[in-house]
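What follows is a short report on a single structure.
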Amino acid sequence: MQVLNLPTYNFKLKSNEKHTLIFDMLRKKYFVLTPEEWVRQHVVQFLLNEKKYPSSLIALEKQLLLHTRKKRTDILVFNKSGLPHIIVECKAPHIPITQNTFDQIARYNLNLNADYLMVTNGITHYFCKMDLENESYVFLPELPEYK
């Protein structure tokens with residue numbers, strides 16, 4: 001897999017007849033190691049190890065209803081009160097981050113009202129703080145650490 005612009009972590013990998021699999025410590029099972037899953041697993045470790053968020057506050061592929069359509073967030077981090085705090089949208093490293101990517105996560109946030117958004121392809125990362133009053137976001141140099 002491609003080297004990412006994130007710290008390096010040790011992952012449990014295994015192979016079956018068709019695929020390489022990566023162990024997801026939050027969901028406690030193996031998943032097919034796609035480029036997007038590679039990014040997601042790195043971001044989870046980044047949130048746990050660098051930003052110190054407890055694993056109990058992180059949900060992967062959380063389903064939400066968006067205008068009668070079922071969608072899933074890649075990573076959703078909750079605050080201590082159980083409310084959405086950070087939404088993370090992960091793309092494969094070869095997928096450029098575009099306005100469409102921001103539009104996608106912004107649509108999710110219409111339902112979730114998270115404080116922060118992160119969009120990443122593992123190479124390029126964007127961090128935003130939501131200004132819900134003005135329906136805009138402010139770009140940040142990094143995400144806040146867990147308090």
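Within region 24-39, track down each residue that is charged (D, E, K, R) and assigned to a loop (DSSP other than H, G, I, E, B).
Arg27, Lys28
Quick check on region 40-70: of everything there that is in contact with a Lys or Arg (Cβ under 7 Å, 6 or more places away or on another chain) and either assigned to a helix (DSSP H, G or I) or within 21 Å of Phe11 (Cβ to Cβ) (or both), which residue is modelled with the highest pLDDT?
Ranking the qualifying residues of region 40-70, first place goes to Leu60.
From Lys80, Lys62, Lys52, Lys70, grab the single residue that is open to solvent by 60 Å² or more (accessible area, probe 1.4 Å) and either free of Cβ contacts under 8 Å to residues at least 12 places away in the same chain or of a type outside the set (Lys, Arg) (or both).
Every option except Lys70 fails the conditions.
Return only the number of the condition from (1) within 18 Å of Asp115 (Cα to Cα); (2) β-branched (Val, Ile, Thr); (3) open to solvent by 100 Å² or more (accessible area, probe 1.4 Å) that Ile86 does not satisfy.
Looking at each condition in turn, Ile86 falls short on (3).
Give region 110-135 a look and list any residue that's surrounded by 11 or more Cβ atoms within 10 Å (Cβ to Cβ) and either farther than 29 Å from Met1 by Cβ or hydroxyl-bearing (Ser, Thr, Tyr) (or both), or say none.
Residues satisfying the conditions are Leu110, Asn111, Leu112, Asn113, Asp115, Tyr116, Thr120, Thr124, Tyr126, Lys129, Met130, Leu132.
The values are calculated or read from the model by the stated rules, or taken from the named source; none is laboratory data. Every value quoted in this text rests on a predicted model; they were computed, and no experiment measured them. Every residue, glycine as well, gets a Cβ built from its backbone with ideal geometry; the counts of neighbours run over all protein chains shown. Protein only, heavy atoms only, side chains kept; ligands, DNA and RNA dropped before computing areas. Shrake-Rupley method; radii C 1.70, N 1.55, O 1.52, S 1.80 Å.
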